[in-house]
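**Q** This structure is in structure tokens; I'll ask about it shortly.
The values are calculated or read from the model by the stated rules, or taken from the named source; none is laboratory data. Please read all numbers here as calculations on a predicted model, not as lab measurements. All Cβ positions, glycine included, derive from the backbone under ideal geometry; neighbour counts span all protein chains shown. Surface accessibility is based on the protein's heavy atoms, side chains included, excluding ligands, DNA and RNA. Shrake-Rupley method; radii C 1.70, N 1.55, O 1.52, S 1.80 Å.
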Amino acid sequence: MKIALLGYGKMGKVIEKVAEQRGHQIVLRKDNTTSFDGLELADVAIDFSVPTSAVENISACFDRLVPVVCGTTGWLDDYNKVVDLCQEKQAAFLYGSNFSLGVNLFFELNRKLAQLMLPHEQYKVSMEEIHHTQKLDAPSGTAISLANDIIANSNYSSWTLSDAHENQIAISAKRIENVPGTHSVFYDSAVDQIEIKHTAHSREGFALGSVLAAEWIIGKKGVFSMKDVLQFEK
């Protein structure tokens, strides 16, 4: 499989290593100083760039009918526009706020816990996410996914980084050197606390998941998620 890497920072270099270990070839390593020359040679593109580049990168892939797997966060105000463009171009697109297998299992656990906690209004939910200081967006895309899944399965209406009102989920976002990613969900009552937590030890879990998604999307058209790759129920 020939892969275009759109974004060649720390994450892009780990994806390169994992992809080559799995026998794939990198045909484009794009950063903000290079062009899209070579993208047309790719069987698939993997985008781990920056929020300001994501839509341009994805659109370039659609124009060349190159399937694209995107792990960049912080650009989701334009998500519906990208979905419409994908359908218009009859292209293939897979977005994931987190490609780690463990995190995707954590997403499922978070949804189930929210459903179990729905009748127990004495518990107030909150969240904490911790990432490395180079991460540009806050809260993380993973934290937003976790919060949105709780909202879909509870009486909460929104999330906030500031003081939470009655039906809001408070998210604390911290930035600490050399932390790949830690996410915690808390349910607090007057008498106890329930906590679920995922801690990433390295970037390799994210990289492997993105390469598996790239392998999976070859030959497909449409808009997908890691639920499709991992065959979780929707």
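**Q** Of (1) over 17 Å from Leu113 (Cβ atoms); (2) open to solvent by less than 70 Å² (accessible area, probe 1.4 Å); (3) touching a helix residue (DSSP H, G or I) at 6+ places or on another chain (Cβ under 9 Å), Ser172 satisfies all except one. Which?
**A** Every listed condition holds for Ser172 apart from (3).
**Q** Can you name every residue in the stretch 1-34 that is polar (S, T, N, Q) and under 13 Å from Ser53 (Cβ atoms)?
**A** Asn32, Thr33, Thr34
**Q** Pull up the stretch 61-82, narrow it to residues that are of a type in the set (A, V, I, L, M, F, W, C) and part of a loop (DSSP other than H, G, I, E, B), then point me to the one that is surrounded by the most Cβ atoms within 10 Å (Cβ to Cβ). Even if it seems obvious, please write down each step before you answer.
**A** Initially, the stretch 61-82 is screened for residues of a type in the set (A, V, I, L, M, F, W, C), giving 61-62, 65-66, 68-70, 75-76, 82.
Add one more test, that the residue is part of a loop (DSSP other than H, G, I, E, B), and what stays is 65-66, 75.
Working: Leu65: 12, Val66: 23, Trp75: 21.
Restricting to residues being of a type in the set (A, V, I, L, M, F, W, C) and part of a loop (DSSP other than H, G, I, E, B), the top hit is Val66.
**Q** Let me ask another. Which residues, taken from the stretch 59-98, are of a type in the set (Val, Ile, Thr) and either touching a helix residue (DSSP H, G or I) at 6+ places or on another chain (Cβ under 8 Å) or modelled with pLDDT under 95 (or both)?
**A** Within the stretch 59-98, Val66, Val68, Val69, Thr72, Thr73, Val82 qualify.
**Q** Take Glu56 and decide whether it is part of a helix (DSSP H, G or I) and either at pLDDT below 95 or closer than 22 Å to Ala207 by Cβ (or both).
**A** It is false that Glu56 is part of a helix (DSSP H, G or I) and either at pLDDT below 95 or closer than 22 Å to Ala207 by Cβ (or both).
**Q** Scan the stretch 3-35 residue by residue and report those that are among the acidic types (Asp, Glu) and either closer than 20 Å to Ala60 by Cβ or in contact (Cβ under 8 Å) with a residue 60 or more places away in the chain (or both). Spell out how you get there, then give the answer.
**A** Keep residues of the stretch 3-35 that are among the acidic types (Asp, Glu), which gives 16, 20, 31.
Within the stretch 3-35, Glu16, Asp31 meet the criteria.
**Q** What are the residues in the stretch 187-197 that are open to solvent by 30 Å² or more (accessible area, probe 1.4 Å) and closer than 25 Å to Phe99 by Cβ, if any?
**A** Glu195, Lys197
**Q** Continuing with the same structure: Of the conditions (1) part of a helix (DSSP H, G or I); (2) open to solvent by 30 Å² or more (accessible area, probe 1.4 Å); (3) in contact (Cβ under 8 Å) with a residue 40 or more places away in the chain; (4) not acidic (Asp, Glu), Cys86 clears all except one; give me its number.
**A** Result: Cys86 fails condition (2) only.
**Q** Out of (1) part of a loop (DSSP other than H, G, I, E, B); (2) touching a residue at least 60 places away in the same chain (Cβ under 8 Å); (3) under 27 Å from Val82 (Cα atoms), the odd one out for Glu233 is which?
**A** (2) is the only condition that Glu233 fails.
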